[in-house]
Amino acid sequence: MPAPRAPRRARIARITRSQGTGGRTLDRTIGFLAVNRCVILQSGSALLFSLTGFVAGLILGHWVGILDAMPGMIVLVPVAIGMRGNIFGAMASRLGSRLHTGEIEPSFRGGALGVSARTAFVQTMSMSLGVAMLAYLLSNALGFGTITITEMVFISMVGGLLAALPLFIATMGIATVSYRRGLDPDNVTVPMTAALGDLITVPSLFLAATLTMRVSPDALRAAVLGLVGLTFASFLLARGGEARRIVQQSTPVLTTSALLMTTSGLFLMRSSDLVYLYPALLVLLPPFNNESGSIGSILASRLSSANYMGLTTVGTRPDRVAVTNLLAIFVAGIVIFPVIGATAGILSAMSGVRMPPLWLFILIAALAGTLTSVVAMLGSYYVTYVALRVGYDPDNVVIPLIASLMDLIGTGVILSLAYLLL
């Protein structure tokens, strides 16, 4: 009677060990992929879902005329998109950490829903006002010229409010469903929230811009005064407890993030000749920056949860758990960037948006994606380390900073490569 065959994985391991150093390397690679397949598959699926950012890019590419007709709005667009992702991405990370540690139940009873709603509203109102003023002041200081401050504030705040409610519902729903179905919220919720942020915020901004052009100046000023008053009144919602702590810790970080993303918008305005020549770059940028930020955000969320549960200690050098997470997220993300370039080019061609040769588009996305992925992962790890050292909750600070930093770096790298290669 023949001896039973060894399991397939054991046979592969035995064969590769017999092949020397190359075999051992292959064996380790197979083992790594097998152990981390859930992380790679769940993260990869969520990152692929975030390719819905192409819809936001196509809207930008087709409505480039509105951006041209309203000077300065192109500075506001990346800030507003990124801020929605930062606010609700950080909320998604907090929910994931609390679900892991058992501090809250998937039903979100016991005040978790109220705390999340209050902090999201306060942050949406205050940061929408802040980014509008920042975009207006910096654009004019650099001599670019913009629409009026009233118009800028109206577009930012109305666009923010229109996007906030569906994003809040979606974030709570994704976190709940993923946890109940046995998926890791750290791998799923953050990138999906960021993708929906792009998808919902861009139409909301252009709807607000359209309203601005149809409302009389007096009605516009009255609406802005009401929105500013509502912003100051919203801080009464976060006077104590967990909501106050979240707002206090996140406000300086969100302000820093707004400055970084405004710089990204200024890059776009400075490169408006290239952007208006090839509007397909606007199709590429939202999903590209979304992927770059999501790679760092997934890692930050996983490190935060692992730290809470005592599975890892985030130090000056990554331990084995951290390195495993770094490599798993890198494998999940890096292969997507050429797909982003190809998809952006194909969709642009199909929808009549001007674009450079497709192979150049793919090359730009692949080169930029490799660089930004490395920066996102290293930045995410060490920002988490610093946050823990100073006693801050990483869920409140790391994702906004990483997402904003990657918006700035991603936009700069894409535009630089476009100038070099086009």
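Rule-based calculations on the coordinates, nothing more; no lab input. Given the structure is predicted, the values throughout are model-derived calculations rather than measurements. Neighbour counts are summed over all protein chains in view; Cβ atoms, including those assigned to glycine, are modelled from backbone coordinates with ideal geometry.
At-a-glance table
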| read-out | value |
| --- | --- |
| Ranking of Ser204, Ser297 by count of other Cβ atoms within 10 Å, fewest first | Ser204, Ser297 |
| Tyr392 long-range amide H proximity, modeled H, under 5 Å | none |
| Cα→Cβ-extended label distance, 7 Å offset, between Leu277 and Leu225, nm | 4.7 |
| In nm, spacing of pseudo-spin labels at Asp319 and Asp218 (7 Å Cα→C-beta vector) | 6.7 |
| Note, ³J(HN,Hα) from phi for segment 201-215, Karplus 6.51, -1.76, 1.60, rounded to Hz, x at Gly and Pro | 5, 4, x, 5, 5, 5, 5, 5, 5, 5, 4, 4, 6, 9, 9 |
| Computed lengthening from Leu311 to Val374, 0.36 nm per intervening residue step minus Cα-Cα distance | 20.3 nm |
| Order of Val55, Val275 under a 10 Å beta carbon neighbour criterion, fewest first | Val55, Val275 |
| Fewest-first sequence of Phe121, Phe337 by Cβ atoms within 10 Å of each Cβ | Phe121, Phe337 |
| Gain on full stretching of the segment that runs from Ala233 to Ile334 - 0.36 nm per residue minus C-alpha separation | 31.9 nm |
